[in-house]
Amino acid sequence: MTETTVNDAARYDFHAIEERWLPVWDERQLFRSGRPEDTRPTKYVLDMFPYPSGDLHMGHAEAYALGDVIARHWIQKGFNVLHPIGWDSFGLPAENAAIKRGIDPYGWTEDNIVQQRASIRRYACSFDWDRVLMTHRPDYYRWNQWLFTRLFERGLAYRKPSLVNWCPNDQTVLANEQVVAGLCERCDTPVTKKKLTQWYFKVTDYGDELLDELETLRGTWPSKVIAMQRNWIGRSTGADVSFTIEGRDEPIAIYTTRPDTLYGATFMVVAADSDLAAELAQGADEQTRAEFDAYAESVKKESEIDRLATEREKTGVFLQRYGINPVNGERLPIWASDYVLADYGHGAIMAVPAHDQRDLDFARAMDLPVRVVLDCRDDAGERLADPVESGVATTGDGTLVNSGSLNGLAKAEAIAAITAELAAAGSGVPAVNYRLRDWLISRQRYWGTPIPIVHCDACGEVPVPDDQLPVTLPPAEGLDLKPKGQSPLAAATDWVNTTCPDCGGAALRDTDTMDTFVDSSWYFLRYLSPGKTDGPFDVEAAAKWAPIDQYVGGVTHAILHLLYSRFITKALRDMGMIDFGEPFTALLNQGMVQMDGSAMSKSRGNLVRLSEQLDEFGVDAVRLTMAFAGPPEDDIDWADVSPSGSAKFLARAWRLARDVTGEPGVDPATGDAALRAITHRTLHDAQSLVEAFRFNVVVARVMELVNATRKAIDTGAGPADPAVREAVETVAILLSLFAPYCSEEMWSMLGHEDVALATYPAVDESLLVEETVTCVVQVKGKVRDRLEVPPGIGEDELRELALASDGAARAIGDAAIRTVIVRAPRLVNIVTA
RNA sequence: GCCCCCGUAGCCCAACUGGCAGAGGCAGCCGACUUAAAAUCGGCGCAGUGCGGGUUCGAAUCCCGCCGGGGGCACCA
């Protein structure tokens, strides 16, 4: 214990190295990105900011390790890199923890941030600590409120009564995007429906743009995410068709993608939970009304889970009302059912059971007529079975029959023809619909941004003027935060009771808070000028830095966060604040860190604690393991990888720096040529590998270089050779992307400072040229010989060499040669008869 | 039910526009150093690419069909 042997002192001690460099880096602040005199080209690298629920976990460690590789690479390549970090610090976990423990969400949140901040500091990412933002602070959420009022002024924020998703456990409404398979995204409670008046952001105004501009992201976003967004937006094109309703003044519009099948309509269906259904039922006899009311009530009660169940029986009520088919004047009975959605299209459809499976199921359940209007054939030209007998609707292409003027046309022709006919008759127009709904942003919870609206009896909904923002949250003390279906803010009477900004009369504050996805939908702009007090962000800074060159985060946000951010960005562009419409030019989705084949969780007992991994193997080894495990988008199973192996490798790299005896600044050209070739080949390849996110391969190549350098020191050129120094400096520079401590220590031992700011060495192209290459000689595709040839060898010469080679001659024997394929200088394939 | 991705050595993973299946690591085995061990250094590849067809001079790579694993969407008319 007391004696330190020479051997011990020469051993790699990651704890000591971490402790040595952390304070130095704090002092030097290498990653500040706001200096006005800095004229380098810019890059904005962004990691999704953490939610401060407890300490960092393995998932954070992976994401930040990978993002840092990219940021550090661009720094070494001479860019002025903005790489910020902050906290997404409003939200339910803080509130639930506060309720459970009887504490203030503010204190809980701030404490967690202190802890996470210390962990992130230790993790040594190239973050600019001058730009930290926290969304729960009034100086941030003030600008959420500013954003809300701007959207309100432009008609993009509005309030409407609607049947909304309701989580009975969290006692709050949820956005469509937060309902996953009928369950609350947060707590997995089955979601129910509730009629409430809520605030919405009008995302649907940007539906076309959100869809079409996905194309501009192709190649730089994962195609999976593009597909998911496309799916989610769900644009469909068709026609709105007017149906006259007996006993009703106004016709009703239905939306259909298949106007060609109008002649096949045999009934109509309205959504059971729609106002239209209630109105139509009102006009029916008393018994029908009672039947409808009972049905509507049962529909409202059913959970999302029930609704989504497959193999579900069709149910409904005949409303004793009739609509008139505009193309043939037929009377169509009108039913109410839950298989038609109130908030899609017009909440009403024409039913064509022969050519729509859902309609057919309903027709069979209710014994309604089915009329085939398309003659559909299979690949062999055989007519498909009658839907009535088979129970399978024919939804494909075919030839129109029983359809008046459309007879004989194909599906596409018929759609065009009938759409024109309807337009001429004034009973139909082309129409587009979206699966995407407007974004419901009201939440009946405490820990979020108060909605900056005052409700005045005289003036209505009045936005709080900019000079009165922020509307700060009242202190949690004294408020009952328990979920009860109404915002806890309602109980803060001193806070709720206010005066109308317009008329000065008594008025009430809106008591709901905003969905925390509002906070994260523009935070990337706030980083550009986090201290700004007279606006959400500096417009010139945005012009300089934004949009984000590289965004890094989990695929869990493929729809929600990314879609909302895209929407807000487009809205801000239309306000003239920025000149781009897509916030994230490139996106990298890292996989998840698992353990023994499944997601880590305390209850499953397979939780791996990041802090323990860091203590045992060191920050560098954990980061290196994350990068080396495989392609970044693949999941990592921690049981399959080896942080101890990474630690061993780092020690091996470190020993190279310890062993170098050559002086700095000596021209490496005088050194070992073979080692130099490997060094420059590695440098050459590493940049394109990093830029293609193939970090695992970069690490493998650095390992190769380390092995070659070791060999050169022990059994080759020796520790004093300038090529050895060049190789070890290269190792330090490349390794700094993954292992900042180890490489800084190496860099320091080599007589330099700040490896993070080291310039990426120029590649000497002349060292990449090989003197000879191995040419494979195949006979009928099988390797029969190898030749060492100059790289510039001509085709004819190579052909002769190959034909004359021993291996080839042996394999050919006396067979006739049919053809010889020459791919100089690497391959010759001799094809014999 | 519909759509997308992935199957290479015991394990994690490489393999440029089709051109020698193996870069790197884990585990394992052997050796050097050591009184011994640890650490370190050196050496050792055992699969023919999930299966079956096809295209091609040549297929891990392209096409078709299965099998296995993962993910997304799911009454959107």
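The values are calculated or read from the model by the stated rules, or taken from the named source; none is laboratory data. From a predicted model like this one, the values you see are computed outputs, not experimental measurements. When we count neighbours, we look across all protein chains shown, and the Cβ atoms used for this are built from the backbone with ideal geometry, even at glycine. Remember, those area values only see protein heavy atoms, side chains included, never the ligands or the DNA or RNA. Shrake-Rupley method; radii C 1.70, N 1.55, O 1.52, S 1.80 Å.
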* For chain A, which whole percent of the accessible surface, found with a 1.4 angstrom probe, sits on carbon and sulfur atoms? -> 49 percent
* Accessible area of region A:89-204 divided out per residue, in Å², using a probe of 1.4 angstrom -> 39 Å²
* On Cα atoms only, tilt of A:357-366 relative to the major axis of chain A in degrees -> 40 degrees
* Structure fact -> Length-normalised contact order of region A:746-799, Cα under 8 Å, at least 6 apart, in percent, tallies to 22 percent
* To do: Work out the charge dipole of region A:644-731 with +1 on the Cβ of Lys and Arg and -1 on the Cβ of Asp and Glu about the Cα centre, then indicate which of A:Ala647, A:Ala720, A:Val698 is farthest towards its positive end.
  => A:Ala647
* Asked: Net charge near A:Ser601, counting Lys/Arg +1 and Asp/Glu -1 over other residues with Cβ under 14 Å of its Cβ?
  -> +1
* Determine which lysines satisfy two conditions relative to A:Lys43: a Cα distance under 16 Å, and not lying fewer than 8 residues away in the same chain. => A:Lys77, A:Lys544
* For region A:528-686, how big is the tail of P(r) above 27 Å, as a whole percent of Cα pairs? -> 55 percent
* Indicate, rounded to the nearest 5 percent, the antiparallel portion of the DSSP beta bridges found entirely in chain A. => 75 percent
* What percentages, rounded to whole numbers, describe P(r) for region A:214-265 computed over all alpha carbon pairs with 5 Å bin width beginning at zero? -> 4, 16, 15, 13, 10, 10, 10, 9, 6, 4, 2, 0
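Taking 0.36 nm per residue of separation and subtracting the Cα-Cα distance, what length does fully extending A:Gln486 through A:Ser223 add? Walk me through the numbers before you get to the answer.
Numbers: separation 263, 0.36 × 263 = 94.68 nm, distance 4.09 nm.
Fully extending the segment from A:Gln486 to A:Ser223 adds 90.6 nm.
Using only alpha carbon pairs under 8 Å that are at least six residues apart, calculate the relative contact order of region A:594-643 and give it in whole percent.
45 percent
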* Which FRET efficiency, nearest 0.05, do A:Glu612 and A:Asp634 yield, Cβ-Cβ r, R0 25 Å? -> 0.55
* Please list the non-local residues whose amide H lies under 5 Å from the amide H of A:Leu82, H modeled 1.01 Å from N, same-chain partners needing a gap of 5 or more. => A:Lys43, A:Tyr44, A:Val45
* Whole-number accessible area per residue in Å² for region A:623-738, which is evaluated in the context of all protein chains at 1.4 Å -> 38 Å²
* Ordered by residue, what ³J(HN,Hα) values in Hz, to whole numbers, does region A:436-453 give under the Karplus form 6.51 cos²θ - 1.76 cosθ + 1.60, where θ = phi - 60° and Gly and Pro are x? -> 4, 10, 5, 8, 7, 10, 6, 9, 8, 9, 7, 7, x, 7, x, 6, x, 10
* Structure fact -> So for region A:710-752, using the alpha carbon gyration tensor with a ≥ b ≥ c as root eigenvalues (a/c under 1.5 gives rounded; past that, a/b versus b/c decides prolate or oblate), I'd call it prolate
* Which cross-chain or sequence-distant (5 or more) residues have an amide H under 5 Å from the amide H of A:Arg321, H modelled 1.01 Å from N in plane? -> A:Ile334
* **By accessible area with a 1.4 Å probe, ligands and nucleic acids excluded, highest first: order of A:Arg826, A:Arg658** => A:Arg826, A:Arg658
* Asked: In angstroms, what radius of gyration and Dmax does region A:55-209 have, counting Cα atoms only?
  -> 19.5, 56
* Structure fact -> Here region A:737-833 gives, from Cα atoms, an Rg and Dmax in Å of 22.9, 68
* If you take all C-alpha pairs in region A:241-282, what percent of them are over 16 Å apart? -> 41 percent
* Normalised by the number of residues in chain A, what is the relative contact order in percent for Cα pairs under 8 Å and 6+ residues apart? -> 13 percent
* Asked: Pairing the Cα long axis of helix A:138-153 with the longest principal axis of chain A, what angle in degrees results, from 0 to 90 and rounded to the nearest 10?
  -> 40 degrees
* Which order do A:Leu214, A:Leu827 take when ranked by solvent-accessible area (1.4 Å probe, heavy atoms of all protein chains), largest first? -> A:Leu827, A:Leu214
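Placing unit charges on C-beta atoms (Lys and Arg positive, Asp and Glu negative, everything else neutral), compute the dipole magnitude of chain A about its Cα centre in debye, rounded to 20.
Numbers: 83 positive and 123 negative charges, 120 e Å.
The dipole of chain A has a size of about 580 debye.
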* What is the Cα centroid distance between region A:427-491 and region A:612-686, reported in whole angstrom? -> 52 Å
* Is the shape of chain A best called rounded, prolate or oblate, per the rule: a/c under 1.5 gives rounded, else a/b larger than b/c gives prolate, else oblate, with a ≥ b ≥ c the square roots of the Cα gyration tensor eigenvalues? -> oblate
* In degrees from 0 to 90, rounded to the nearest 10, what is the angle of the helix A:619-628 Cα long axis to the longest principal axis of chain A? -> 70 degrees
* Whichever aspartates and glutamates have a C-alpha closer than 18 Å to that of A:Lys711, once near sequence neighbours (fewer than 8 apart) are set aside -> A:Asp659, A:Asp672, A:Asp721, A:Glu726, A:Glu729
* Asked: At A:Val641 and A:Ala673, where each label point lies 7 Å from the Cα along Cα→Cβ, what is the point-to-point distance in nanometres?
  -> 4.1 nm
* Rounded to the nearest 5, what is the percent of antiparallel bridges among the DSSP beta bridges in region A:739-830? -> 75 percent
* Taking region A:635-729 as the region of interest, what is the percent of Cα-Cα pairs per 10 angstrom bin, listed from the shortest bin to the one with the maximum distance? -> 16, 43, 30, 10, 2
* Structure fact -> Note to self: C-alpha centroids of region A:528-602 and region A:163-234 sit apart, in Å, by 17 Å
* Asked: In region A:326-364, which chymotrypsin sites (Phe, Trp or Tyr not before Pro) are in a loop and have at most 15 other Cβ atoms within 10 Å, using DSSP for the loop call?
  -> none
* **Set A:Lys224/A:Lys602; A:Lys160/A:Lys300; A:Lys482/A:Lys532; A:Lys224/A:Lys570; A:Lys193/A:Lys482; A:Lys160/A:Lys301 screened for pairs whose C-alpha atoms are more than 24 Å apart** => A:Lys224/A:Lys602; A:Lys482/A:Lys532
* Structure fact -> Computed ³J(HN,Hα) along region A:22-36: with the Karplus parameters 6.51/-1.76/1.60, θ = phi - 60°, integer Hz and x for glycine or proline, the list is 3, x, 5, 5, 4, 5, 7, 6, 5, 10, 5, 10, x, 5, x
* Report the calculated FRET efficiency for A:Leu508 and A:Asn231 (r = Cβ-Cβ distance, R0 = 41 Å), to the nearest 0.05. => 0.50
* Can you list the residues, at least 5 places off or on another chain, whose amide H is less than 5 Å from the amide H of A:Tyr551, using H built in the peptide plane? -> A:Leu46, A:Ala586, A:Leu587, A:Leu588
* Structure fact -> Looking only at lysines whose Cα falls under 30 Å of A:Lys411's and that sit 8 or more positions away or on another chain, we get A:Lys314
